[in-house]
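Contents: one structure, followed by commentary.
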Amino acid sequence: MHTSHNSLEKCNNLYLRLCDITGEKGLHIINRIVIVLRFCISVFLSFGHLIQKRAIFRTTDWWYEMEQASVRALPIVFLISFMIGIILAFVGIMQLSIFGADIYVAALLAIAMTRILGAIMTGIIMAGRTGASYAAQIGAMRINQEIDALTVMGVSPFDYLVLPRMLALTMAMPILTIIADIVGILGGAFVALMLINVSMTEYWSMTYDWLTFKNFAIGVFHGWVYGWIIALCGCYYGMNSRRSADGIGCATTHAVVAGITWCVVATAVLTLIFNWLGI
């Protein structure tokens, strides 16, 4: 009887402990969602200030961030896109040659690069490069109390720090996506013209036939959405980084992981929407 009572007490204690853990995790998730929503609302309010010409930020900061997110990112975008085009063409030729349809690798590259692959690879590159940079820069300002100083002076940190970065990346990503599409197709053409017996005129004619404006526009739209996501993640984790030695490192890591994860989630959601709309 005594043993049974002890077992029942242990079960009750375990149940209460599980309830405590579940409650704590649930409250933590709810609190995190509220913080994210407040951050997003503050960002959109800053865009409202910009439209009303009341935003407090320097144009030179925006131009600097544009240079960092576009011109400075071109070499890595060129390299990765060219290599992706080479890999995709090589794999495509190996499989299509079985059916004697290796010329259709041009169609494969044209559709894959312009519709999604160019945008998603550019998004991953920029999440690891620019998103991490935003988190590190703003996190360092938070640790050095520069953000607190802006608030004391009556300057909105969202207008002064977040808005130029959001504008720069959302404007740069569609341009980088277009460049990635072109370079990826060129990389695939380089391999295809070496491995299959076809003239350059035939190859580019096939590419042109399958290169539609619809796929091109969808890819550019994906790039624009990725720009929003990456900039939001980078700025959010920078603004909410811990005031400690490892705060910047954790913020940078979280910004990269969250940026890539939400880009993939956005890809799945947009693909379902576009398929439902028949485009």
| Helix 2-51 axis, angle to the chain major axis (alpha carbon atoms, nearest 10°) | 60
| note | Taking Cα atoms only, helix 213-239 is inclined relative to the longest principal axis of the chain by an angle, in degrees rounded to 10, of 30
| note | Options (1) -0.59, -0.70, -0.81; (2) -0.51, -0.62, -0.74; (3) -0.65, -0.73, -0.82 for log10 I(q)/I(0) by the Debye sum over Cα atoms at q = 0.10, 0.11, 0.12 Å⁻¹; the value derived from the coordinates is listed as (3)
| message | Given a 1.4 angstrom probe, what's the average accessible area per residue across the chain, in square angstrom? | response | 56
| query | For the chain, with only Lys/Arg (+1) and Asp/Glu (-1) charged at the beta-carbon, what is the dipole magnitude about the Cα centre, in debye rounded to 20? | reply | 620
| request: Determine the share of the stretch 145-227's accessible area contributed by carbon and sulfur atoms, expressed in whole percent, with a 1.4 angstrom probe. | output: 71
| query | Relative to the present Cα-Cα distance, how much length would full extension add between Ser244 and Leu45 at 0.36 nm per residue of separation? | reply | 68.7 nm
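Between Ser205 and Leu74, how high is the FRET efficiency from 1/(1 + (r/R0)^6) when r is the Cβ-Cβ distance and R₀ = 25 Å? Nearest 0.05.
Efficiency, from the Cβ-Cβ distance: 0.30.
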| field | the stretch 82-131 - percent of accessible surface contributed by carbon and sulfur, probe 1.4 Å | value | 79
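Could you tell me what percent of the accessible area of the stretch 238-278 is made up of carbon and sulfur, with a 1.4 Å probe and every protein chain present? Display every interim value, and only then the final one.
Numbers: 1770 of 2390 Å².
Using a 1.4 Å probe with all protein chains present, the stretch 238-278 comes out at 74 percent carbon and sulfur.
The values are calculated or read from the model by the stated rules, or taken from the named source; none is laboratory data. Please read these numbers as outputs of a predicted model, since none were measured by experiment. All Cβ positions, glycine included, derive from the backbone under ideal geometry; neighbour counts span all protein chains shown. These area figures cover heavy atoms from the full protein model, side chains too; ligands, DNA and RNA do not enter into them. Shrake-Rupley method; radii C 1.70, N 1.55, O 1.52, S 1.80 Å.
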